[in-house]
Each structure stands twice: as C-alpha cells, then as structure tokens.
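One structure is given below, encoded as structure tokens.
The values are calculated or read from the model by the stated rules, or taken from the named source; none is laboratory data. Computed from a prediction, not measured in an experiment: that's the story for all the values here. Don't worry about glycine lacking a Cβ; one is built from the backbone with ideal geometry, like all the others, and counts go over all protein chains shown.
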Amino acid sequence: MTSNSLDAPRRSDAPRRSDTTRAAILAAARVRFATDGYQRATIRAIAASAGIDPSMVIRYFGSKEQLFAAATDLDLRLPDLAAVPAEELPAVLVRHFLDRWEGDPADDGLLMLLRSAVTTEQAAEQLRDILARQVAPALATAIGAERAAACGGLVSAQLLGLALCRHLLRLPGVAAMTREALVERFAPAVRAVLFPPEAAR
C-alpha cells in the first residue's frame, strides 16, 4: 500500500471535519452571544461550549468580531409581502416576527443582536444593515419603494420595541399576552405607520 493511498482517507475526511467544527463553533457562539451579550461573551467560553481549544475559534474565524458577524449574519425569512392583501399586511408582519422570536431564543440572531446592540456599536451596525437590506425591500413589493423607504425604519422600530419589551425586559403587560391578543392589539399600530391617512388622499 502506498503512502498516497494511506493519505487519501484523511484528505477526503478533512472538509467534513472542518464543516462540523465550524458549525459547532457557530452554534456555541450563538448561544453564548444570546445569553451573555457581545461584551461578556468570550472566545474561551465559546470554545468550551463547542468542546474545542480556543485557538480553533481564532483559526476558523480570526477574531471575536468576525465570529460575531458570522453568527449574526441572518435571513429574516420575510414572506412574499406582494401576495399579502393590504388589510392583512400589519398582522402578517407582527405574526412573522413573533414566530422568529418565540422559537428557541438562543437560535435567533435577532434577539442576540438586539441584546448586544444597545451597548456595542458593531452589533448596532449589523442590526441596522440587516433591517435596511431586508425590511424596506420586502415592504416595497407591497406598498411601493417610496413609501417603504419612508416607513421601513418606523416599522422596524415598532417590531424591535415589541421584542425588547416582550422578550428582554419582559414587561408584564406585554409578556403575559397571548400571541393572538398581541397581534390583535399591535397590528393597528403597524397599520397606522404603513397606511397613514395622508397616503389615502
């Protein structure tokens, strides 16, 4: 048996091990960032959660800043809003974001970013970028580019404020509401931003 044949299995296995290690680091990072926030989460703690040496985190991601960017590079998975009737659009948006937040919080980059954005400029910049790239363009398909540009930021502020009060601050009057009650009460506020009276003139 030649030396090349002995080496072949190791070469074919290496990409799979590499992908597995990278995925384990990202999963551990999301949990730690979601639990501790950006400032308190450490490379050492993330590595311990992933069951690897801290040097491996640096090898795969370069720095804590780059790891955070990778861990929070998320798709909001917004539905096709062009297909949603105008009268249903506010409720659809509220339900969609509730669906994102009310799964496993450690698996959702939105809450991770929101927790960190209030104290860390990198997280704030990442959150602004995600919202700008995804919310306004999705709204544009339903209400037009000009109105989406004008109200996309306000709608994002409403939905992030809801997440802050329900999931991070846990305000009793908000946290205790059922999902459907929350949609019923909150959707009219989103509607007022999307469809202000002057837009109907």
| message | For a quick check of your reading: which helices (runs of 4 or more DSSP H) sit entirely within segment 32-115 and have at least 3 residues that are in contact (Cβ under 8 Å) with a residue 24 or more places away in the chain? | response | 54-61, 64-71, 89-101
| field | Members of segment 61-87 found to be more than 17 Å from Ser116 (Cβ to Cβ) and either in contact with a Cys (Cβ under 8 Å, 6 or more places away or on another chain) or surrounded by 18 or more Cβ atoms within 10 Å (Cβ to Cβ) (or both), listed by number | value | Leu81
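Working only within segment 162-201, note down all residues that are part of a loop (DSSP other than H, G, I, E, B) and either surrounded by 12 or more Cβ atoms within 10 Å (Cβ to Cβ) or not charged (D, E, K, R) (or both). Spell out how you get there, then give the answer.
Within segment 162-201, the first condition is being part of a loop (DSSP other than H, G, I, E, B), and the residues that meet it are 169-171, 176-178, 195-196, 201.
Across segment 162-201, the qualifying residues are Leu169, Leu171, Ala176, Met177, Thr178, Phe195, Pro196.
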| query | Hey, does segment 141-153 have a residue that's small (Gly, Ala, Ser) and not in a helix (DSSP H, G or I)? | reply | yes
| said: Exactly one condition in (1) of a type in the set (D, E, K, R); (2) modelled with pLDDT under 90; (3) closer than 30 Å to Thr119 by Cα is false for Arg16; which is it? | reply: (3)
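Determine whether Leu26 is closer than 25 Å to Asp129 by Cα and in the same structural domain as Phe195 (by TED's automatic domain parsing).
Numbers: closer than 25 Å to Asp129 by Cα: yes; in the same structural domain as Phe195 (by TED's automatic domain parsing): no.
Criteria not met by Leu26.
Could we say that Ile130 is of a type outside the set (Lys, Arg), under 30 Å from Gln66 (Cβ atoms) and buried (at least 17 other Cβ atoms within 10 Å of the Cβ) here?
Numbers: of a type outside the set (Lys, Arg): yes; under 30 Å from Gln66 (Cβ atoms): yes; buried (at least 17 other Cβ atoms within 10 Å of the Cβ): yes.
Yes, satisfied.
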| task | Only residues that are at pLDDT below 70 and either touching a Cys at 6+ places or on another chain (Cβ under 7 Å) or buried (at least 17 other Cβ atoms within 10 Å of the Cβ) (or both): list them for segment 106-116, please. | result | Asp108
